[in-house]
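Taking it in order: structure first as structure tokens, then the write-up.
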Amino acid sequence: MLQLFTKKNRGFTLIELLVVIAIIGILSSIVLVSMGGARKSARDGVRKADMRQLITAQEMYNGTEDAYYPLATYPASITTYMPKTPVDPTNSGAYIYKTISNVGVTDKFCYYAALESGGFYIASHVGNVTRSTEPTTLDLCATAN
């Protein structure tokens, strides 16, 4: 009888291990699901930061050339002012940054990107704006929704 109380059982039973593994699995799935929205927001933040860098590159080009760079051939020739060409943060191969050509118009430019959260982020000669509709002309880039 005395041996029952002094005997030390070491280790875990199979049921205890399975319960712990199940709890860890449930908790990790909850965390992964809740992180989906944060990832979308982070990728949209990268797109917005890239748009602001494009505006800066255009303003630097304008300071030197007294005109905005014509977007028909971007990004090949504006690399002096922006050496790293922005790419889609999802790495899907689809380049979501778009431009509206300002060839022949030296006082306007427009870049825009589709956001995962919905809408479009527009960077133009008048600043940045988020809109629900895709711009199609330089004049639509300059107006807010």
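The values are calculated or read from the model by the stated rules, or taken from the named source; none is laboratory data. Computed from a predicted structure; not experimentally measured. No Cβ is skipped: glycine too gets one built from the backbone with ideal geometry, and neighbour counts run over all protein chains shown.
Pairs linking a residue in region 33-56 that is within 15 Å of Gly118 (Cβ to Cβ) to a residue that is among the β-branched types (Val, Ile, Thr) and modelled with pLDDT under 90, with Cβ atoms under 8 Å and 6 or more positions apart or on different chains, are Arg43/Thr90; Arg47/Ile96. Restricted to region 104-132, and to residues there that are within 11 Å of Gln58 (Cβ to Cβ) and not in a strand (DSSP E or B), the residue that is farthest from the chain's Cα centre (by Cα) is Lys108.
Taken together, the criteria place Gly45 among residues that are under 18 Å from Tyr121 (Cα atoms), loosely packed, with under 15 Cβ neighbours inside 10 Å and either modelled with pLDDT of 85 or more or in contact with a Leu (Cβ under 9 Å, 6 or more places away or on another chain) (or both). For region 83-91, state whether one or more residues are modelled with pLDDT of 85 or more, exposed (fewer than 10 other Cβ atoms within 10 Å of the Cβ) and more than 16 Å from Ser124 (Cβ to Cβ). No, there is no match, as no residue in region 83-91 is modelled with pLDDT of 85 or more, exposed (fewer than 10 other Cβ atoms within 10 Å of the Cβ) and more than 16 Å from Ser124 (Cβ to Cβ).
Scanning region 48-79 for residues that are out of contact with any strand residue (DSSP E or B) (no Cβ under 8 Å at 6 or more places or on another chain) and at pLDDT 80 or above yields a count of 16.
Could you tell me which residue of region 103-145 is surrounded by the fewest Cβ atoms within 10 Å (Cβ to Cβ), considering only residues that are touching a Leu at 6+ places or on another chain (Cβ under 7 Å) and aliphatic (A, V, I, L, M)? The selected residue is Val105.
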